[in-house]
Each structure stands twice: as structure tokens, then as C-alpha cells.
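Heads up: the structure comes next, in C-alpha cells.
The values are calculated or read from the model by the stated rules, or taken from the named source; none is laboratory data. No experiment lies behind these values; they were computed from the predicted model shown. Heads up, the Cβs are rebuilt from the backbone with ideal geometry, glycines too, and the neighbour counts pull from every protein chain shown.
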Amino acid sequence: MGKIMAVCTSDRKGIQKERQKEIVLLEDYGIDKDAHAGKWHRQVSLLSYEKIEAFKAKGVDLKDGAFGENIVVSGIDLSSLPIGTILKSEEVELEVTQIGKKCHHHCEIYKVVGDCIMPREGIFTKVIKGGILKAGDELNVVEE
């Protein structure tokens, strides 16, 4: 079982995201009002709380969303999940579509933070069933 630690959005791609009270996920679209929403395979990004904390232990002070992640999750080794894995929280269902990503040039996140763990540790999902998510909600792996 995992726990959602933060939910974040941004209105532009390639920048740090801002923590939100809650997010509205729309089926086969992504997060309402997030720059990455659309009909494609990387609608929602997730990053492990534990990986972020390990990075912060190097002496870097970061806010939630610093790596461009939409959802910060504790208790699940996200980057080890196979493509096709289903994650569920209440009515929301997400399908893992990509592990990591290629970073062809350094984004704003890299310029501010000096590194970006999203290409190595982040996962991307599409929204199978929409709903509302907020910090404190459980997130479970229901199918691998």
C-alpha cells in the first residue's frame, strides 16, 4: 500500500509544479488544468517520496513538484513497476505507460536543482478512471 504525499500541477511544461490541495483527474485526459493533460500516454507523472527525500539528503532544499511530478507517493517502488500496472485510489485508476524518460536537453528543473531524478525514477500513467486525489489518500498496486 502506498500513500499520496502531495499532488501538484503546472500550467506550462518543463517547469516546477505547484502543490495543490487536490487534483481532478479526467478519464483518458489527465489532470484538469495541468500542462501535460491530453490524449497521450504521459498524462500523469508520479515520483517516489523516498527518492525525493534521498535527493534532499544531499543538501538540496526542494518543494513538492520540484522535479515536475504530479503525484508524490510513499511506500511503492514506482520505478520497478512494469508497464501496464494498474494503480488505484478510491475511484481513480491509472495505468503505467512509461518508466523514466529521455531528457534531450536540460529543462528548467535541472537548471534550478542541478539534477533531475524524473528521467531515472519517475513513471508516467494514463487515466483509466477519473476522480479526485489529494495528499493522504491511499494508492494501491492492484495489477502488475
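Could you check how many residues of the stretch 54-72 are surrounded by 13 or more Cβ atoms within 10 Å (Cβ to Cβ) and either among the small types (G, A, S) or at pLDDT 90 or above (or both)?
Count: 8.
Taking the condition buried (at least 21 other Cβ atoms within 10 Å of the Cβ) and of a type in the set (S, T, Y), does S89 pass?
In short, yes.
If you check every pair at least six apart or on different chains, which have Cβ atoms under 6 Å apart with a residue in the stretch 45-70 that is part of a loop (DSSP other than H, G, I, E, B) first and a residue that is basic (K, R) second?
L62/K56; D64/R19; G65/K17; G65/R19; G68/K17
For the stretch 84-99, check the following and say yes or no: at least one residue is more than 14 Å from V141 (Cα to Cα), within 14 Å of the chain's Cα centre (by Cα) and among the aliphatic types (A, V, I, L, M).
Scanning the stretch 84-99 turns up at least one residue that is more than 14 Å from V141 (Cα to Cα), within 14 Å of the chain's Cα centre (by Cα) and among the aliphatic types (A, V, I, L, M).
For D32, which of the numbered conditions (1) touching a strand residue (DSSP E or B) at 6+ places or on another chain (Cβ under 7 Å); (2) without any contact (Cβ under 8 Å) to a residue 40 or more places away in the chain; (3) of a type outside the set (V, I, T); (4) within 18 Å of P119 (Cα to Cα) fails to hold?
The one condition D32 does not meet is (4).
Does any residue in the stretch 73-102 that is more than 24 Å from R19 (Cβ to Cβ) and without any contact (Cβ under 8 Å) to a residue 60 or more places away in the chain come within less than 7 Å, Cβ to Cβ, of a residue that is assigned to a loop (DSSP other than H, G, I, E, B) and of a type in the set (D, E) six or more places away or on a different chain, and which pairs are these?
What qualifies is T85/E144.
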